[in-house]
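Contents: one structure, followed by commentary.
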Amino acid sequence: MKVFDEVGQGTINAFAYAGGIAELLADAMRYIAALRIRVRETLDQSYLLGVQSVSIVILTSLFTGMVFSLESAVQAVEYGVGNLVGGAVAFTTARELGPMLSAVVVAGRTGAAIAAELGSMVVTEQIEALQSLGLSPTRMLVVPRLLALVIMLPLLTILADVVSIIGGMLVAGAYAHISQESFIASARSALPFGDVLKGLFKSAVFGVIIAMIGSYQGLQTRGGAAGVGKATTGAVVTSIILIFMFNFALSYILYGGH
Amino acid sequence: MALWAQLDDVCVRYGPKIVMQNLTLDVVEGAITCIIGLSGAGKSTILRLLNGLKKPDTGRVFVRGNDITDMRERDLIDLRRTIGFAFQFSALFDSLTIGENVALPLREHTKMPDAEIRKLVSETLESVGLAHVEDRYPSELSGGMVKRAGFARAVVTNPQAVLYDEPTTGLDPIITHVLTDTIVKLRRRLNGTAVVVSHDLESIFQMADYIAMLFEGAIVAYGTVDEIKRSPNPIVQQFLQGSEVGPIPI
Ligand SMILES: Nc1ncnc2c1ncn2[C@@H]1O[C@H](COP(=O)(O)OP(=O)(O)OP(=O)(O)O)[C@@H](O)[C@H]1O
Ligand SMILES: [Mg+2]
């Protein structure tokens with residue numbers, strides 16, 4: 001049966017893929033644990049991968065906070081609970097929207113960039129050149145990108161949280177005449193600080209996902225420029241799907257349905 | 001005669017395509033072994049087998065008596081520090097300048113002070129006829145210049161063995177002569193081993209201690225320059241004469 005063959009092959013491929021990622025991550029952790037880290041390259045990557053995502057994170061989170069507030073504020077005021085809007089916006093943003101939005105945006109921008117860069121290094125034999133010089137591509141290329149994303153994505157998430165809440169506050173003021181004081185007071189009382197930290201923890205995990213999928217897909221590139229294109233799209237699609245799946249699992253574990 | 005490396009009964013396939021079949025080759029230590037053969041015969045693949053960049057499907061690869069066939073990547077990485085590799089298409093890091101490319105193995109593997117690294121890098125570049133290009137990027141140089149920079153990167157650490165993949169292809173006759181000379185000098189200075197893949201018969205005859213001819217997945221002839229020149233094998237003779245008539249299908 002062709003269908004079963006394909007499903008079977010798909011399952012085998014999925015396991016091989018997961019195995020490959022795990023192996024690459026283990027290799028990277030070994031260098032990190034041994035503190036064999038290229039600090040300069042890590043800082044460069046943090047700048048490239050993180051700082052350059054700032055404007056796009058600001059824009060997407062601003063408008064998301066605004067639309068969320070728009071949808072909820074008018075109705076909340078109608079039902080006489082306008083004083084809860086700030087809480088609703090802050091709560092959802094810090095726990096879910098901020099980490100997810102920044103991760104998806106960075107996956108599209110940075111995950112793609114990592115896969116494309118490493119992929120073209122494969123097809124131009126630069127990866128083999130590293131290996132032939134006795135240098136590990138994991139240490140030279142993957143570890144700096146991994147660390148850069150694990151550091152920068154939570155920072156970008158803080159930014160996304162703040163901008164999104166400000167956007168929500170402006171819209172709540174303009175459309176539902178909810179004062180900034182009551183918005184902030186509501187946000188403060190509804191959002192435990194622990195939840196902010198848990199949101200940031202999730203985004204660190206998303207950083208690992210984006211860096212590892214981008215690196216792995218890039219390093220697995222075969223077959224010229226077309227292969228690089230495939231690796232790049234593959235990296236973005238796979239990491240976004242994984243971010244959604246991990247987000248659900250982590251929310252379930254961290255917040256336990258509360 | 002001590003051996004630097006040995007390919008023992010090696011088979012290599014890419015998908016359905018069989019590239020090497022039961023190939024056996026001895027690489028003599030302290031000598032220059034040249035590998036000749038048609039385009040696509042698998043010459044680059046032989047070099048990749050010798051430093052573990054490619055694993056054979058069956059058969060064994062030995063380097064200095066150690067079986068590297070199943071060696072883990074992290075051990076291979078250490079082994080490769082002792083083997084220079086000049087790639088066919090240079091494979092320079094395009095995010096680094098020429099100077100940084102050549103300096104990279106020194107920066108990563110030695111504690112040499114920066115000033116000394118700079119000096120050694122510019123000396124090595126000069127020895128391949130490249131002066132004052134340290135600050136340029138690979139994309140700003142001609143194909144032949146990039147090729148020579150790749151050559152410099154492969155030899156800058158004075159490795160015990162160097163694998164050269166078509167070091168002179170596409171270069172002008174003067175630079176070809178300079179590089180051929182450099183390969184010989186380098187081998188002498190370190191009493192090291194060199195494996196050179198080339199189509200350039202003139203420079204092969206100049207530098208080779210041994211020549212191996214690769215044809216249809218196996219070594220069909222092996223010997224000194226004179227032995228190869230006088231080889232009765234019609235495949236070898238057709239190749240050396242560049243003739244269209246003979247056993248080699250076109
Ligand atoms: N990554 C690969 N995937 C599929 N086939 C490959 C791959 N690398 C090499 N081959 C095939 O293996 C054969 C040997 O390749 P190799 O590069 O070793 O040849 P070569 O003798 O160096 O050729 P040239 O003189 O043109 O450089 C070729 O027919 C090539 O098509
Ligand atoms: Mg080749």
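One table, with the values for the structure above:
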{"item": "Residues that are within 14 Å of chain B (Cβ to nearest Cβ) and either under 24 Å from the mean Cα position of the chain (by Cα) or hydrophobic (A, V, I, L, M, F, W, C) (or both), drawn from the range A:78-124", "result": "A:113, A:114, A:116, A:117, A:118, A:119, A:120, A:121, A:122, A:123"}
{"item": "Contacts under 8 angstrom Cβ, first residue in the range B:41-58 being acidic (Asp, Glu), partner away from ligand 1 (no atom under 12 Å from the Cβ), 6 or more apart", "result": "B:57/B:11"}
{"item": "Qualifying residue in the range A:31-40 (condition: of a type in the set (Ser, Thr, Tyr), part of a helix (DSSP H, G or I) and away from every other protein chain (no Cβ under 14 Å))", "result": "no"}
{"item": "Residue in the range B:60-68 that is touching a residue at least 24 places away in the same chain (Cβ under 8 Å) and within 16 Å of ligand 2 (Cβ to nearest atom) present", "result": "no"}
{"item": "Members of the range B:58-99 that are within 12 Å of chain A (Cβ to nearest Cβ) and either of a type in the set (Asp, Glu) or in a helix (DSSP H, G or I) (or both)", "result": "B:73, B:74, B:75, B:76, B:77, B:78, B:79, B:80, B:94"}
{"item": "Subset of the range B:1-18 [touching a residue at least 24 places away in the same chain (Cβ under 8 Å) and within 16 Å of ligand 2 (Cβ to nearest atom)]", "result": "B:12"}
{"item": "Some residue of the range A:154-166 being surrounded by fewer than 24 Cβ atoms within 10 Å (Cβ to Cβ), farther than 30 Å from residue A:219 by Cβ, more than 14 Å from chain B (Cβ to nearest Cβ) and over 29 Å from the mean Cα position of the chain (by Cα)", "result": "no"}
{"item": "The one condition in (1) within 14 Å of chain A (Cβ to nearest Cβ); (2) assigned to a loop (DSSP other than H, G, I, E, B); (3) of a type in the set (Gly, Ala, Ser) that residue B:129 fails to fulfil", "result": "(1)"}
{"item": "Selection count, the range A:24-48, where residues are aromatic (Phe, Trp, Tyr) and at pLDDT 95 or above", "result": "1"}
{"item": "Options B:97, B:45: the member that is in contact with a strand residue (DSSP E or B) (Cβ under 8 Å, 6 or more places away or on another chain) and of a type in the set (Val, Ile, Thr)", "result": "B:45"}
{"item": "Scan of the range B:34-53 for residues that are of a type in the set (S, T, N, Q) and either more than 16 Å from ligand 2 (Cβ to nearest atom) or within 14 Å of chain A (Cβ to nearest Cβ) (or both), ordered by number", "result": "B:44, B:45, B:51"}
{"item": "Matching option when the condition is farther than 23 Å from residue A:111 by Cα and within 14 Å of chain B (Cβ to nearest Cβ), among A:133, A:141, A:170, A:197", "result": "A:133"}
{"item": "Enumeration of residues in the range B:172-199 that are modelled with pLDDT of 90 or more, away from chain A (no Cβ under 14 Å) and within 16 Å of ligand 2 (Cβ to nearest atom)", "result": "B:196, B:197, B:198"}
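The values are calculated or read from the model by the stated rules, or taken from the named source; none is laboratory data. Since the structure is predicted, the reported quantities are computational estimates derived from the model, not experimental observations. Ideal geometry is used to build each Cβ from the backbone, glycine not excepted, and the neighbour counts take in all protein chains shown.
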